[in-house]
Structures are given as structure tokens and as C-alpha cells.
Amino acid sequence: MAAGDLITSAANTWCPGCGNFAIEHALKDILGEMIAAGTPAEEIVLVTGIGCHGKMADYLGVNSFYAIHGRTIPVATGIKIANPDLTVLCCAGDGDCYGEGLEHLLFAAKRNVDITLLVHDNRVYGLTTGQYTPTSPLGFPGRSTPQGTPEYPLNPVELMIAAGATYVARGYTRRLPQLRELIRDALRHRGFSFLEVFQICATFYNQTAYYDEHACDLDPGEFPTADAARALRVAREWDYSRESRIPLGALYETTYPTYEERLAEHRAGTRDPVAVIQRLFAERT
Ligand code: SF4
């Protein structure tokens, strides 16, 4: 199957200038590469949530599941546990994943489920016309907060390193070559891969000029690091002030037995979880 065949004939209703187009094309390219290299198309599953990002399930020609709000991760986890040979990818939104689905996100990282999560973080609820989300900045004057939200935003990258995700990266929809690399690496990684993508919402929160000015690339010779403390320091460099730089790239990567591997051992009758983890870890390193 050629990469171009992965775009379906469904009418696309994203706004002109929406960053979702860049994510769609990056996914098309990388999934196309995987298929050309021998992964059967039917062994790739895409799970989406509710929001503008969710239409990816209609627009990409792979097996897909349109989950309810905030529930991409439990659906993807179930698919992976039942079918460990599948490549399972979630596309979720910032409201969807950091609001409605936050507890699932934390547990996926804690368990190290072997799925890839790509968050389309436009820092606004676009589909419902502009309410604030957990990553909207302090003072964001959305539809539900006309005088500005009084809350500070989450730093999802920091949160995921702390929660135990084994691959953590940040990309941007206007840096397409880097975004492709990050998607490729996230899908290759065995364990829970978390890819936060700054996605331009052209209609309700267009931060193009701000990201273009402040985004900078991590040194690929030094990152990703397996040193969580160092990765956390870099994650915190962007403190959501208008002045600080925004590091982009893969921050953190480590190896650890996956949830599915530990479940399989458990089902096989092993009853000493510490011994199982030690053995699995030794096999992987
Ligand atoms: Fe994209 Fe924003 Fe339009 Fe939704 S509302 S399609 S996120 S530009």
C-alpha cells in the first residue's frame, strides 16, 4: 500500500490552516513506511477520542475506533492486551486526554502499556468553539471564561516523565520533518510512548507566531536521556511564561518491562512479581 492510499475519501471538515493536517500527513508518511517495510496494514489500530482530532479516525485508512470522551487509553489498552502483536496508536486532544481522561493517562504511564499516544494539544476545546482546557494559559479568555481562566496550566511532559512513561517527546505541527521523526521513534519504542504535539488551532487559539519565536530543538546528541531528573529539568524550562524557550524533541527514553509482558508472566503462573520484573528487565538490557 502506498502512503497516499492511507488518506480516505471522507470529506475533510477541519478549518483551513488547522495543525491537524500536518499530523495527518506525518502519520500517513510514517504508517506508510511501516506498511512498506512489512507491517500488515490490518495490524495497525488507531483509537481517537472526542474533539477535532477525533476525525483522524475517518481520514486515515487504517483500522480505527472512535472512543468516547477521554477514553482512548482504556480502549487502546484493552486492544493491546487482547492482541499483543498489533501496533496500537491513540490520537487524543488536550481537553480529551488531560481533562476527561487524565486518570487513564497516568495509569498508562504507570503501567508502561505498549501503546503510542499522540496528543493534539491546541490548548483549547476547538470542536465546542473555544473553551479553556488544562493546558490553556493563565488568563485565557475562552468562551467559558470571558474574564480569563484563573488556573495555571498543566505541563504534560513533566507529568509524564514523573508518572513513568518510558518515551516522552514534544513536537510542533509547523516542524513537520521533526514531527515525522518523533512519530517514527514513538511507534518504534516498546512501552508507553507519549508524544505531545503543539497543534495550531487556526480558529480559536492561533499561537503560530509565539511558538515560531520560542521553540528550539534539543541537541539530538544529548537527548533523549534516560536520566529522569535531567529530562525533568528540561521539561520545566518552558514555564508557560511568554519569555521562556520551548524545547522540542525527544526528552526522555528508557526501557522497562511492559504491562503486557508482566500480565503474560502472571497468566503463565508466576507468582513472584519482583522476580518477574527483574528477569524481564535483565532480558531487555
Ligand atoms: Fe482545527 Fe481549531 Fe478548526 Fe478544530 S476549530 S478544526 S482545532 S482550527
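The length gained by stretching the chain between A162 and A228 to full extension, at 0.36 nm per residue less their Cα-Cα distance, is 23.0 nm. Highest GNM mean-square fluctuation among I115, I183, I35, for the chain modelled with Cα contacts below 10 Å: I35. Placing pseudo-labels 7 Å out from each Cα toward the beta carbon at R143 and T13 gives an inter-label distance of 1.4 nm. Over 22 Å apart: what share of the alpha carbon pairs of the range 53-194 falls there, rounded to a whole percent? Counting pairs separated by more than 22 Å, the tail of P(r) holds 39 percent.
Note on M34: accessible area is roughly 40 Å² with a 1.4 Å probe, heavy atoms of protein only. Computed from label points 7 Å out along Cα-Cβ, the spacing between R236 and E42 is 5.0 nm. For the chain, the longest principal axis of the C-alpha atoms and the axis of helix 20-36 are separated by about 30°. Measuring how big the range 3-284 is from its alpha-carbon positions, Rg and Dmax come out at 18.3, 58 Å. Split the accessible area of the chain by element, probe 1.4 Å, and carbon with sulfur accounts for 54%. Residues of the range 20-39 with an amide N closer than 19 Å to a point placed 7 Å from the Cα of R184 along the Cα-to-Cβ direction: 22-39. Heavy-atom accessible area, probed at 1.4 angstrom with all protein chains present, ranks K110, K55 as K110, K55, highest first.
Of I246, I68, I81, the order by accessible heavy-atom surface (1.4 Å probe, DNA, RNA and ligands excluded), from most exposed downward, is I68, I81, I246.
Per residue, the solvent-accessible area of the range 3-284 (1.4 Å probe, heavy atoms of protein chains only, all protein chains present) comes to 42 Å². Each label was represented as a point 7 Å from its Cα along the Cα-to-Cβ direction; for L263 and E103 these points are 1.9 nm apart.
The local environment of G70, defined by Cβ-Cβ distances under 13 Å, has a net charge of -3 under the rule Lys, Arg +1 and Asp, Glu -1. Per residue, the average separation of C-alpha pairs within less than 8 Å and at least 6 apart gives the chain a relative contact order of 17 percent. Looking at the range 3-284 only, what percent of DSSP beta bridges run antiparallel? Nearest 5 please. The antiparallel proportion sits near 20 percent. Here F281 sits with roughly 80 square angstrom of accessible surface, probe radius 1.4 Å. Sorted on the mean count of surrounding Cβ atoms within 10 Å across their residues, most packed first, peptides 248-258, 15-25 read 248-258, 15-25. When DSSP assigns beta bridges and you keep just the ones with both residues in the range 143-285, what percent turn out antiparallel, to the nearest 5? If we restrict to bridges inside the range 143-285, about 35 percent are antiparallel.
Sequentially through the range 230-237, phi angles give Karplus couplings (6.51, -1.76, 1.60; θ = phi - 60°) of 5, 4, 5, 4, 5, 4, 7, 4 Hz, Gly and Pro residues having no value and appearing as x. Against the main long axis of the alpha-carbon atoms of the chain, helix 176-188 sits at an angle near 30°.
Distance from the alpha carbon centroid of the range 219-284 to that of the range 29-101 works out to 21 angstrom. With all protein chains in place and ligands, DNA and RNA left out, the 1.4 Å accessible area ranks E196, E103 as E103, E196, largest first. Principal-axis analysis of the Cα atoms of the chain puts helix 72-82 at an angle of about 20° to the longest axis.
The values are calculated or read from the model by the stated rules, or taken from the named source; none is laboratory data. Because the structure is predicted, anything quoted here is derived from the model rather than measured. Heads up, the Cβs are rebuilt from the backbone with ideal geometry, glycines too, and the neighbour counts pull from every protein chain shown. Areas reflect the complete protein model, heavy atoms only, side chains present, ligands, DNA and RNA absent. Shrake-Rupley method; radii C 1.70, N 1.55, O 1.52, S 1.80 Å.
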